[in-house]
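The values are calculated or read from the model by the stated rules, or taken from the named source; none is laboratory data. Keep in mind it's a predicted model, so treat the numbers as computed, not measured. Backbone-built Cβ (ideal geometry, glycine too); neighbour counts: all protein chains shown.
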Amino acid sequence: MENPSKLCIFAITMSSKQLDIAYFLSFCIEQYKNAKHITGAEAAYLLGKYGVLEYLQNHYEPLHTQSRQWILEDMDEFINIRKEQEA
């Protein structure tokens with residue numbers, strides 16, 4: 001397990017907005033995991049693979065004000081678009 005004092009130092013060096021974004025990403029991963037009935041690791045992998053986490057981070061300002069359901073639908077749409085682009 002990571003040294004808790006190192007984690008605290010890392011959190012202290014992050015700005016308030018960076019912490020808000022980190023919490024938002026964590027929330028989104030957790031909500032996606034629960035909605036899809038998969039593990040947190042699987043959710044993080046899928047969201048990272050399709051660039052969803054970067055999208056969520058880059059568009060934090062408007063997205064964090066939306067409902068849980070709206071965000072989940074937006075994430076699904078984003079993944080579907082990326083999958084179509086791969087084909």
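Just one of the numbered conditions (1) at pLDDT 95 or above; (2) of a type in the set (A, V, I, L, M, F, W, C); (3) crowded, with 16+ Cβ neighbours inside 10 Å is not true of ALA44; which one?
(1)
Quick check: anything in the stretch 56-74 more than 13 Å from the chain's Cα centre (by Cα), farther than 25 Å from LYS17 by Cα and either buried (at least 17 other Cβ atoms within 10 Å of the Cβ) or of a type in the set (A, V, I, L, M, F, W, C) (or both)?
For the stretch 56-74, residues more than 13 Å from the chain's Cα centre (by Cα), farther than 25 Å from LYS17 by Cα and either buried (at least 17 other Cβ atoms within 10 Å of the Cβ) or of a type in the set (A, V, I, L, M, F, W, C) (or both): absent.
Which residues, counting only those in the stretch 30-47, are in contact with a helix residue (DSSP H, G or I) (Cβ under 8 Å, 6 or more places away or on another chain), in a helix (DSSP H, G or I) and not basic (Lys, Arg)?
Scanning the stretch 30-47 gives GLU30, GLN31, TYR32, ALA35, GLY40, GLU42, ALA43, ALA44, LEU46, LEU47.
Kindly list, by first and then second residue, each pair from a residue in the stretch 1-29 that is outside any helix (DSSP H, G or I) and among the small types (Gly, Ala, Ser) to a residue that is modelled with pLDDT of 55 or more and surrounded by 10 or more Cβ atoms within 10 Å (Cβ to Cβ), limited to pairs with Cβ atoms under 9 Å and residues at least 6 apart or on different chains.
Matching pairs, first to second residue: none at all.
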